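Below: one structure, written as structure tokens.
The values are calculated or read from the model by the stated rules, or taken from the named source; none is laboratory data. None of these values were measured; they are calculated from a predicted model. Cβ placement follows ideal geometry from the backbone for every residue including glycine, while neighbour counts extend to all protein chains displayed.
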Amino acid sequence: MEAAVQWVRTTWTKKSRGGEAATRRNAAPVGFALPYERASFPCEQAPSPYERAPFAHVVRMHERDGFAPYDSREELSKVAVQLREADGRLRVLPQVWSRYALPARRRRPPTVRLVPGQWVRWQLNYRFSSAMGIRGWTYWLDTFNIAYGPVDADAFLSAPPVFIDERGYLR
């Protein structure tokens, strides 16, 4: 299965729920250029690591760092998304992190079935409380950019052909 997977997580607290901090948070990108490795490839642009190994490009942005992006590679098995290839299509369904997180998700959208060359952007948000409510709320926005087949490094910088918005009201 050839797939490019990018997982972008933005994390914040109540401090970034309004004013200038919320403006900075809302300006944080939801798609990034995919990293390319140039080691030992004679061609001008090396093939993506996603074409060679089951890895995902993971980008984290936190309120405490001013929403500066930090990227890494993770094994695809550690990314909370189900990917299955069937009938020449890629079935995509992100997993919900916790049934105790808000907002409650009673009905979820069906899986997306991508044809080769197509990609989806799927967004989910969460609100968590600390154990026993000692600390304040923590908020997450998870964005999954997933393409079926090889894509250009800048594919996730454009508007997606398929967009699933599973964000809910967080209060």
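Restricting region 4-16 to residues that are touching a residue at least 60 places away in the same chain (Cβ under 8 Å) and charged (D, E, K, R), which is nearest to VAL92 (Cα to Cα)?
Among residues in region 4-16 that are touching a residue at least 60 places away in the same chain (Cβ under 8 Å) and charged (D, E, K, R), the one nearest to VAL92 (Cα to Cα) is ARG9.
Which condition number does ARG24 fail, the rest of (1) in a loop (DSSP other than H, G, I, E, B); (2) modelled with pLDDT under 90 being met?
Every listed condition holds for ARG24 apart from (1).
In this structure, does SER77 turn out to be modelled with pLDDT under 85, under 21 Å from THR143 (Cβ atoms) and either of a type in the set (Ser, Thr, Tyr) or in contact with a Pro (Cβ under 8 Å, 6 or more places away or on another chain) (or both)? Walk me through it before giving the result.
Values: modelled with pLDDT under 85: yes; under 21 Å from THR143 (Cβ atoms): yes; either of a type in the set (Ser, Thr, Tyr) or in contact with a Pro (Cβ under 8 Å, 6 or more places away or on another chain) (or both): yes.
Yes: the conditions hold for SER77.
Which pairs do you get when a residue that is among the charged types (D, E, K, R), found in region 60-76, comes within reach of a residue that is loosely packed, with under 11 Cβ neighbours inside 10 Å and assigned to a loop (DSSP other than H, G, I, E, B), reach meaning Cβ atoms under 9 angstrom, with the pair 6+ apart or on two chains?
Sorted first by the residue in region 60-76, then by its partner, the pairs are ARG73/ALA53; GLU75/ALA53.
Against the definition (at pLDDT 90 or above, aromatic (Phe, Trp, Tyr) and either in contact with a strand residue (DSSP E or B) (Cβ under 6 Å, 6 or more places away or on another chain) or under 24 Å from PRO35 (Cβ atoms) (or both)), how does PHE144 come out, yes or no? If you could, list the steps in order and put the result at the bottom.
Working: at pLDDT 90 or above: yes; aromatic (Phe, Trp, Tyr): yes; either in contact with a strand residue (DSSP E or B) (Cβ under 6 Å, 6 or more places away or on another chain) or under 24 Å from PRO35 (Cβ atoms) (or both): yes.
Against the criterion (at pLDDT 90 or above, aromatic (Phe, Trp, Tyr) and either in contact with a strand residue (DSSP E or B) (Cβ under 6 Å, 6 or more places away or on another chain) or under 24 Å from PRO35 (Cβ atoms) (or both)), PHE144 qualifies.
Out of (1) modelled with pLDDT of 90 or more; (2) exposed (fewer than 15 other Cβ atoms within 10 Å of the Cβ); (3) in contact with a helix residue (DSSP H, G or I) (Cβ under 8 Å, 6 or more places away or on another chain), what's the single condition that is false for GLN6?
(2)
Can you tell me which residues in region 80-112 are part of a strand (DSSP E or B) and either modelled with pLDDT under 75 or among the hydroxyl-bearing types (Ser, Thr, Tyr) (or both)?
Initial filter on region 80-112 (part of a strand (DSSP E or B)): 81-86, 89-94, 102, 112.
Answer for region 80-112, where residues must be part of a strand (DSSP E or B) and either modelled with pLDDT under 75 or among the hydroxyl-bearing types (Ser, Thr, Tyr) (or both): just LEU102.
Among the residues of region 130-137, are any out of contact with any His (no Cβ under 9 Å at 6 or more places or on another chain), at pLDDT 85 or above, surrounded by 15 or more Cβ atoms within 10 Å (Cβ to Cβ) and not in a helix (DSSP H, G or I)? Talk me through it step by step, then tell me what you get.
Initial filter on region 130-137 (out of contact with any His (no Cβ under 9 Å at 6 or more places or on another chain)): 130-137.
Still in the list and also at pLDDT 85 or above: none.
No, that holds for no residue.
Search region 141-166 for residues that are touching a residue at least 40 places away in the same chain (Cβ under 8 Å) and aliphatic (A, V, I, L, M) and pair each with any residue that is part of a helix (DSSP H, G or I) and surrounded by fewer than 23 Cβ atoms within 10 Å (Cβ to Cβ) when their beta-carbon atoms are under 7 Å apart and the residues are at least 6 apart or on different chains.
From residues that are touching a residue at least 40 places away in the same chain (Cβ under 8 Å) and aliphatic (A, V, I, L, M), the pairs are ALA147/ALA155.
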